[in-house]
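Below: one structure, written as structure tokens.
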Amino acid sequence: ILHDGSKFLMWYEANATAPGVATGDYVRIAYAESTDGRVWRKSGWVLAPGTSTYDRLDIYAPVVIKDGPIWKMWFTGHDEAGRFGVMHATAPGPSGPWTRSSSAFVFHPSDSTFPSQVWKEGADLFMTYGSIDGMWLAKMVNDVWIPQKNISARRTTGAWDHGEPGSWPSIAIKDGI
């Protein structure tokens with residue numbers, strides 16, 4: 001959720017039935033606005049699964065920033081091999097139209113990767129992301145996301161967080177990491 005000075009903006013994943021299919025799961029990205037952060041006006045779908053093998057099934061976990069005049073979204077694509085990787089889209093405004101920058105994953109350090117947060121520090125972009133191996137920090141270098149460090153590693157079997165502790169991590173940022 002972002003605040004643009006007058007209203008709150010939210011991008012979220014939502015399930016629906018796929019076109020031409022009687023039942024099933026069809027996860028795509030929707031958009032809503034609020035003046036008070038409590039009552040939301042849904043604007044509808046802004047990004048649907050694509051036609052490539054990397055996002056044909058579902059798309060999840062939208063993370064959006066405004067970078068100058070361009071809105072940038074990182075989200076998770078679900079490919080036909082069962083892998084999850086980060087994809088990217090841009091738009092001239094918060095409700096779109098959103099255009100994918102690639103038909104493939106732009107970041108795929110593991111087969112279960114979900115972006116959590118993206119932010120700028122000066123000219124540098126950072127992202128926290130989750131995977132089956134834990135929560136991680138990545139930095140963009142020459143338009144490529146590079147893993148920096150593990151924030152929270154996967155625990156041993158029997159621990160309360162031994163599953164996928166990093167599926168959708170969220171952290172508070174104060175003076176960098």
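The values are calculated or read from the model by the stated rules, or taken from the named source; none is laboratory data. Note that the structure is predicted; figures quoted are calculated from it, not measured. No Cβ is skipped: glycine too gets one built from the backbone with ideal geometry, and neighbour counts run over all protein chains shown. The protein model used for the area step is the full one, side chains on, heavy atoms only, and it has no ligands, DNA or RNA in it. Shrake-Rupley method; radii C 1.70, N 1.55, O 1.52, S 1.80 Å.
Annotations for the structure displayed:
- Test for residue 92: is it open to solvent by 30 Å² or more (accessible area, probe 1.4 Å) and more than 22 Å from residue 129 (Cα to Cα): yes
- Residue within the stretch 61-68 that is over 18 Å from residue 103 (Cα atoms) and outside any strand (DSSP E or B) present: yes
- Those residues of the stretch 71-105 which are in a loop (DSSP other than H, G, I, E, B) and more than 16 Å from residue 49 (Cα to Cα), in sequence order: 92, 93, 94, 95
- Qualifying residue in the stretch 61-79 (condition: more than 16 Å from residue 11 (Cα to Cα), of a type in the set (A, V, I, L, M, F, W, C), open to solvent by 20 Å² or more (accessible area, probe 1.4 Å) and without any contact (Cβ under 8 Å) to a residue 60 or more places away in the chain): no
- Residue satisfying all of: in the stretch 111-123; closer than 15 Å to residue 68 by Cβ and either assigned to a strand (DSSP E or B) or touching a Lys or Arg at 6+ places or on another chain (Cβ under 7 Å) (or both); least open to solvent (accessible area, probe 1.4 Å) among these: 118
- Residues in the stretch 30-60 that are assigned to a loop (DSSP other than H, G, I, E, B), among the charged types (D, E, K, R) and open to solvent by less than 40 Å² (accessible area, probe 1.4 Å): 55 alone.
- Qualifying residue in the stretch 107-118 (condition: under 23 Å from residue 44 (Cβ atoms) and among the aliphatic types (A, V, I, L, M)): no
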